[in-house]
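Notes follow once the structure below has been shown.
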Amino acid sequence: MLHIHNVKKNFGQFTAVHSLNLEVERGGIFGLLGANGAGKTTTFRMILGLLTPSQGTIKWNGQELSYKTSDTIGYLPEERGLYPKLTVKEQLTYLGQLRGMKKSHILEAAEAWLKRFQAEQYLNKKVESLSKGNQQKIQFIASVLHKPELLILDEPFSGLDPVNVDLLKEAVKELNEEGMTIVFSSHRMEHVEELCQNICIMHKGKAAVSGHLKDIKRSFGKKNVVVHADFDLMYLTELDGILKHHRFTDGMRFQVEKEEVAHDIFQNIYNKGFVTKFELEEPSLHDIFIEKVGAANE
Ligand SMILES: Nc1ncnc2c1ncn2[C@@H]1O[C@H](COP(=O)(O)OP(=O)(O)OP(=O)(O)O)[C@@H](O)[C@H]1O
């Protein structure tokens, strides 16, 4: 288990992370969310031992983490940092050797990963000649080549096209099924919803919400009602308990204060025309994020 206990990080007078407490189960996928500047990267750097906490402890399986124990960790940094003049092979060999791997093992693992990412043709190409997305795939490979126990991915999907997002997502799922614990940050809520069982939304260095995603959704209470109909639904926005609404071509989505409001909506559309869809959806992570963090940012 990754155990972050009462961790604080000051940069001079400024506190980037305040008394943060987090537990990441071994073998889980954990999503760290937050607006720009919330403290995610600072937290990752402390986990990796690249920054020393001003207060508190970070332990992996009961052992305090430091730069020396970081071989058990893989890291995809937000600011991608490959050597542009090296070839992919040289780059991965160098980084693999830093992690204590043998050259033959590195090449074997690198070739398998490149094949999986449809990038085997880049093995002997210089990093600088690769597109941004392909460089990112190489950096991901560099972070998992040594089969770390704990993998930290800072914005792994940014800048990737949908095909590559899927390739990377599948790889993350598979590594997790093999037992790797994964912590990642993302601004894309749908990726977090798809991959994570547990999340933390950071806000100004503090954990604004954390826990099991299902429990968080349940406790949020508010739900969405989606109605598709062949008549105009705007009159429903006048009903009590409708918090937000969103119009689309053949219907509307209403955020309702509580489930009873969905009954009122249903009563009000009954007999008004042809209703092709009526669905009560649980709140999206996007809704929760906007409520907890968004309003303060706007
Ligand atoms: N070395 C540093 N010196 C001073 N302030 C810093 C330093 N590193 C980070 N900060 C500040 O700490 C705060 C948290 O930054 P951090 O990079 O952890 O945020 P983040 O959640 O990763 O944001 P983003 O989503 O934009 O990547 C920011 O206000 C940032 O300016």
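The values are calculated or read from the model by the stated rules, or taken from the named source; none is laboratory data. All figures in this text were calculated on a predicted structure; none of them were measured in a lab. A quick note on method: Cβ atoms are made from the backbone with ideal geometry, for glycine too, and the neighbour counts reach across all protein chains shown.
For the reader, a short list of remarks on this structure follows.
- Residue list for the range 8-44, restricted to those being within 21 Å of residue 143 (Cβ to Cβ) and touching a Pro at 6+ places or on another chain (Cβ under 9 Å): 41, 44
- Subset of the range 126-166 [outside any helix (DSSP H, G or I) and either more than 22 Å from residue 31 (Cα to Cα) or among the hydrophobic types (A, V, I, L, M, F, W, C) (or both)]: 126, 130, 131, 145, 146, 150, 151, 152, 153, 157, 160
- Single condition residue 32 does not satisfy, out of (1) touching a residue at least 12 places away in the same chain (Cβ under 8 Å); (2) away from the ligand (no atom under 16 Å from the Cβ); (3) not basic (Lys, Arg): (2)
- Test result for residue 223, within 28 Å of residue 191 (Cβ to Cβ), in contact (Cβ under 8 Å) with a residue 60 or more places away in the chain and basic (Lys, Arg): yes
- Some residue of the range 181-195 being among the hydrophobic types (A, V, I, L, M, F, W, C), in contact with a Pro (Cβ under 9 Å, 6 or more places away or on another chain) and either buried (at least 17 other Cβ atoms within 10 Å of the Cβ) or at pLDDT 90 or above (or both): yes
- For the range 143-159, the condition of being surrounded by fewer than 20 Cβ atoms within 10 Å (Cβ to Cβ) and without any contact (Cβ under 8 Å) to a residue 24 or more places away in the chain holds for none of the residues.
Per-residue answers, yes or no, for (1) in the same structural domain as residue 191 (by TED's automatic domain parsing); (2) hydroxyl-bearing (Ser, Thr, Tyr); (3) out of contact with any strand residue (DSSP E or B) (no Cβ under 8 Å at 6 or more places or on another chain); (4) in contact (Cβ under 8 Å) with a residue 40 or more places away in the chain:
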site: 245; (1), (2), (3), (4): no, no, no, no
site: 251; (1), (2), (3), (4): no, no, no, no
site: 256; (1), (2), (3), (4): no, no, no, no
site: 259; (1), (2), (3), (4): no, no, no, no
site: 262; (1), (2), (3), (4): no, no, no, no
site: 270; (1), (2), (3), (4): no, yes, yes, no
site: 274; (1), (2), (3), (4): no, no, no, yes
site: 287; (1), (2), (3), (4): no, no, no, yes
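- Consider the range 1-37 and keep the residues that are within 14 Å of the chain's Cα centre (by Cα) and under 18 Å from residue 77 (Cα atoms). The one that is surrounded by the fewest Cβ atoms within 10 Å (Cβ to Cβ) is 36.
- Only one of 89, 68 that is among the basic types (Lys, Arg), over 28 Å from residue 192 (Cα atoms), at pLDDT 90 or above and away from the ligand (no atom under 16 Å from the Cβ): 89
- Among residues of the range 35-60, those that are more than 10 Å from the ligand (Cβ to nearest atom) and touching a Lys or Arg at 6+ places or on another chain (Cβ under 7 Å), counted: 4
- Close pairs from the range 68-97: first of a type in the set (Ser, Thr, Tyr), partner assigned to a loop (DSSP other than H, G, I, E, B) and surrounded by fewer than 18 Cβ atoms within 10 Å (Cβ to Cβ), Cβ under 8 Å, at least 6 apart: 69/49; 70/49; 72/149; 87/123; 87/124; 87/125; 94/83; 94/86
- Condition met for residue 108 (more than 25 Å from the chain's Cα centre (by Cα) and without any contact (Cβ under 8 Å) to a residue 12 or more places away in the chain): yes
- Test: residue in the range 178-187 that is more than 12 Å from the ligand (Cβ to nearest atom) and in a helix (DSSP H, G or I): no
- Residue pairs whose Cβ atoms lie under 7 Å apart, separated by 6 or more positions or on different chains, with the first residue in the range 115-135 and over 11 Å from residue 86 (Cα atoms) and the second modelled with pLDDT under 90 and among the basic types (Lys, Arg), are 135/80.
- Of the residues examined, residue 243 is not one that is at pLDDT below 95, closer than 30 Å to residue 211 by Cβ and touching a helix residue (DSSP H, G or I) at 6+ places or on another chain (Cβ under 6 Å).
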